[in-house]
Amino acid sequence: MARYTGAVCRLCRREGQKLFLKGERCYTDKCSIGRRSYAPGQHGQGRKKVSEYGLQLRAKQATRRYYGVLEGQFRHYYELAKKREGKVGEQLLALLEMRLDNVIYRLGFASSRPEARQLVIHNHFSLNGKKVNIPSLLVKPGDIIEINENSRQSEKIKKIIESNASRPVAKWLESNKDQYKGTVLSEPNREDIDLPVEETLIVELYSKL
């Protein structure tokens, strides 16, 4: 399975905002954005006038990197969003939010989306009573996500849940950390998605391609 294996802090610096790819580190003084807020590379500190296309591209890249999906996957979600009722940009974000790895992160069962993806791949979760190891699986309202019985005794899992106990859970989800499970109550609305992305710019970009 193809995935990005480089330094994730470079991605945050390139987009000029926190993508929260390193969990707890992103909330400390060690975050690279706080220390080096300019883009990586030899010319990262140079001032450049950004074109309309550049703004659209950065909006797409930032969103893609928030959710940790590759270009082909992102385009696939965009095509799915076009077939759904409602605004294409909002439907795109809703589909990305409904990915299993993102839901696990939103439920507080992981400190970051990359960590959630790794936990899913390593068979720590079940969906509706069946073990699942596909991070990109799209959940639907009524689905129940549980930490597998054997994994509940893991010190790592316990530490993750404890460290994320105070983090708010999205309104469209219900988390029961005492029972190691969460429920998808509905699909998310745009106001439920707290990411600083401009989905309209993404739609404008793809409409030109």
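The values are calculated or read from the model by the stated rules, or taken from the named source; none is laboratory data. Since we're looking at a predicted model, the values are computed, not measured. Heads up, the Cβs are rebuilt from the backbone with ideal geometry, glycines too, and the neighbour counts pull from every protein chain shown.
Within segment 67-103, which residues are part of a helix (DSSP H, G or I) and touching a residue at least 60 places away in the same chain (Cβ under 8 Å)?
Gln73, Arg75, Tyr78, Val88, Gly89, Glu90, Leu92, Leu93, Ala94, Glu97, Val103
If you go through segment 137-170, how many residues are part of a loop (DSSP other than H, G, I, E, B) and either under 19 Å from Val120 (Cβ atoms) or at pLDDT below 95 (or both)?
14
Within segment 179-188, track down each residue that is closer than 22 Å to Glu79 by Cα and among the hydroxyl-bearing types (Ser, Thr, Tyr).
Within segment 179-188, just Ser186 meets the criteria.
Kindly establish whether Ser154 is of a type in the set (Gly, Ala, Ser) and farther than 21 Å from Leu80 by Cα.
Against the criterion (of a type in the set (Gly, Ala, Ser) and farther than 21 Å from Leu80 by Cα), Ser154 qualifies.
Would you point out the residue of segment 189-200, among those that are farther than 19 Å from Gln73 by Cβ and buried (at least 16 other Cβ atoms within 10 Å of the Cβ), that is farthest from the chain's Cα centre (by Cα)?
Glu198
Hey, can you tell me all the residues within segment 145-165 that are among the acidic types (Asp, Glu) and crowded, with 18+ Cβ neighbours inside 10 Å?
Matches in segment 145-165: Glu146 only.
Go through (1) within 16 Å of the chain's Cα centre (by Cα); (2) modelled with pLDDT under 95; (3) farther than 24 Å from Ser186 by Cα for Ile121 and report which single condition fails.
(2)
Residue by residue through segment 67-93, note down the ones that are over 11 Å from Pro135 (Cα atoms), surrounded by 21 or more Cβ atoms within 10 Å (Cβ to Cβ) and of a type in the set (A, V, I, L, M, F, W, C).
Ala81, Leu92, Leu93
Looking only at residues in segment 192-208 that are charged (D, E, K, R) and under 14 Å from Val169 (Cα atoms), which one is modelled with the lowest pLDDT?
Looking at the filtered set, the residue picked out is Asp194.
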